[in-house]
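Any read-out appearing in this document is the output of simple, stated calculations on the displayed coordinates, not a laboratory observation. Since the model is a prediction, treat every value here as computed from it, not as a measurement. Don't worry about glycine lacking a Cβ; one is built from the backbone with ideal geometry, like all the others, and counts go over all protein chains shown.
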Amino acid sequence: MGQPDVKTWRILIEPTFMQPEVSFPISGARTTVLVPGYLGEDGEPQYIGKKDWDALKLTWEAFCAQATANRTERKIRCALARDANKVVQYATISSDDPLTATLVLAPDFLKRFQDVFGSSVLVAMPNRYTVYVFPGEGADYTNYSRMILGQYHDSSHPVSREIFNISTAGIKAIGMFEDE
C-alpha cells in the first residue's frame, strides 16, 4: 500500500471483531477499540496495518494529534427527542459520512451538548453513521436498548453495543446493551 498521506489520517472507532492489526484500548471497553486509520481514495476509512504503523515510528499520542488536526467539519443532522413534557431525552446525530461515529472524539464534542445535557454525556454508536447522546446523569438509556441494538445488528458497518461516558476526562465505556 505504501504510507497513507498524513492529511488523510483519522482515528477510527471500531469493533474488536474486525480484528485490526493495530488498535488501542478505550478505558473500560470490552468490544470497542481505537484504530489508526486513513481515508482511502474512495473516501472510505481504512486501517493502517502493523507494518505501516511500525514504519511511521510514532506514538499513539503523536498520531492522534495529527489525525485530530485533519478533522474537517461535516454536515450532520442532529435531532432532539423529547418526552410528552417536552424535556429532551436524547439527541441523534446521523450522516452519510462513514466518520460520523468518530465525532465523539472531537475536542469540541462535549461543548456542543453541554447546554442541553450538562458537563458529561453518555453516547451510543451502533454504527458508523449514527450516534445517540444522552444526559450524563439521570438518563435511562436502557429504555432505548431495542432501538440501538436494532441499528447495530442491521448495519453493514456496526461499531459498538457499549455505552460510553464522555467528560472533560475523556471517553470511558460504562456498560453494554445486551440482546434480550
Practice prompt. Treat every Asp and Glu Cβ in segment 6-69 as -1 and every Lys and Arg Cβ as +1, leave all other atoms uncharged, and give the resulting dipole magnitude about the Cα centre to the nearest 20 debye.
Written response: 200 debye
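Can you tell me, using C-alpha contacts under 8 Å and at least 6 residues apart, the relative contact order of the chain as a whole percent?
With pairs under 8 Å counted, the relative contact order is 19 percent.
Kirkwood hydrodynamic radius, computed over distinct alpha-carbon pairs, for the chain: how many Å, to one decimal?
Working: mean 1/r = 0.0594 Å⁻¹.
It works out to 16.8 Å.
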Worksheet item: When Rg is the radius of gyration of the Cα atoms in segment 76-162 and Rh is its Kirkwood radius, what does Rg/Rh come to?
Response: 0.94
Item to complete: Under 19 Å from a label point 7 Å along Cα→Cβ of Asp154: give me every residue in segment 109-136 with its amide N that close.
Response: 124-133
Worksheet, complete the sentence: When the chain is treated as a Gaussian network with springs between alpha carbons less than 10 Å apart, the largest mean-square fluctuation among Asn70, Asn143, Asn165 is found at Asn143
Discussion item. Helix-only mean residue ellipticity at 222 nm, the chain, DSSP H runs n ≥ 4 weighted -39,500 (n - 2.57), per residue, nearest 500. What is it?
Written reply: -5500 deg cm²/dmol
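Need one number: % antiparallel among DSSP beta bridges in the chain, to the nearest 5. Working shown, then result.
On the way: 38 of 39 bridges.
Counting DSSP beta bridges with both partners in the chain, the antiparallel share is about 95 percent.
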Worksheet item: Once you put a point 7 Å from the Cα of Lys7 and another 7 Å from the Cα of Cys78, both along the Cβ direction, what distance in nm separates them?
Response: 2.8 nm
Discussion item. Only helices at least 20 Å long along their own axis, judged from Cα atoms, and with Kyte-Doolittle mean hydropathy of 0.5 or greater: name those in the chain from DSSP H.
Written reply: none
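Could you order the peptides 35-42, 77-84 from most to least packed, using the average number of other C-beta atoms within 10 Å per residue? If you can, show how the numbers build up before the last one.
Numbers: 35-42: 17.0, 77-84: 10.0.
For the peptides 35-42, 77-84, the packing ranking is 35-42, 77-84.
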Worksheet item: Each residue of segment 77-84 in turn: what ³J(HN,Hα) in whole Hz from Karplus with 6.51, -1.76, 1.60 and θ = phi - 60°, glycine and Pro shown as x?
Response: 9, 10, 10, 9, 9, 10, 8, 4
Worksheet item: Label points 7 Å out from Cα along the Cβ direction at Thr31 and Gln19: separation in nm?
Response: 1.8 nm
Worksheet item: Which residue, chosen from Leu39, Val121, Ser155, occupies the Cα position most advanced towards the positive end of the dipole of the chain, where the dipole is computed from +1 (Lys, Arg) and -1 (Asp, Glu) charges on Cβ about the Cα centre?
Response: Val121
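So, by mean Cβ neighbours within 10 angstrom, what's the order for 50-63, 148-161, 17-30 with the highest one leading?
Working: 50-63: 12.9, 148-161: 17.1, 17-30: 14.7.
The densest-packed peptide leads the list: 148-161, 17-30, 50-63.
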Practice prompt. Please provide three numbers in whole Å: the alpha-carbon extents of segment 6-69 along the principal axes, with the largest listed first.
Written response: 30, 26, 23
